[in-house]
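J.: A single structure is presented below for examination.
The values are calculated or read from the model by the stated rules, or taken from the named source; none is laboratory data. Just so it is clear, the structure is predicted and the values come from calculations on it, not from any experiment. Backbone-built Cβ (ideal geometry, glycine too); neighbour counts: all protein chains shown.
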Amino acid sequence: MYVLVAVLTDGEQVRRILRELPLIDVRGATVIESRGMMSLADGDVPMFTNLTRVLGGGSSVTHYTLFSVIMTPETLENAKRLILDVVGNIEERETGIMFVIRLDEVYGLAPALRRNGEQG
């Protein structure tokens, strides 16, 4: 199992990705609004604050962080290809970043998403 994380700047691209993920057997994803380090460094961020104020506080959102637990290497490859097809050249400045983390254990996954005795 894997978690695929994509931090993207274009909300329309994120919406398109979310519409198309189920077509390649990705059954769930979460998107959170986020900001990069440089945009936070330029503002006044108190030492202790709530997450809403730091990440959303009434100003425009600059990034969308999408993450999804993916069961198989084939589905992972399809999801990466989908994201790259929608985004285009992810290496361009201000486009985004994508990475994959291998998972050893997952808890709370719906029984329908587990395969052949996988824990979760």
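J.: Identify the single condition in (1) touching an Asp or Glu at 6+ places or on another chain (Cβ under 6 Å); (2) part of a loop (DSSP other than H, G, I, E, B); (3) modelled with pLDDT of 90 or more that VAL61 does not satisfy, given that it satisfies every other one.
T.: The failed condition is (3).
J.: Shifting gears a bit: Restricting to the stretch 73-98, give me the number of residues that are at pLDDT below 95, out of contact with any strand residue (DSSP E or B) (no Cβ under 9 Å at 6 or more places or on another chain) and under 13 Å from VAL14 (Cα atoms).
T.: 1
J.: Could you tell me which residue of the stretch 1-36 is nearest to the chain's Cα centre (by Cα), considering only residues that are small (Gly, Ala, Ser) and surrounded by 15 or more Cβ atoms within 10 Å (Cβ to Cβ)?
T.: ALA6
J.: Out of all the residues in the stretch 16-48, which are under 23 Å from ASN78 (Cβ atoms) and either in a loop (DSSP other than H, G, I, E, B) or modelled with pLDDT under 85 (or both)?
T.: The answer is ASP25, VAL26, ARG27, GLY28, ALA29.
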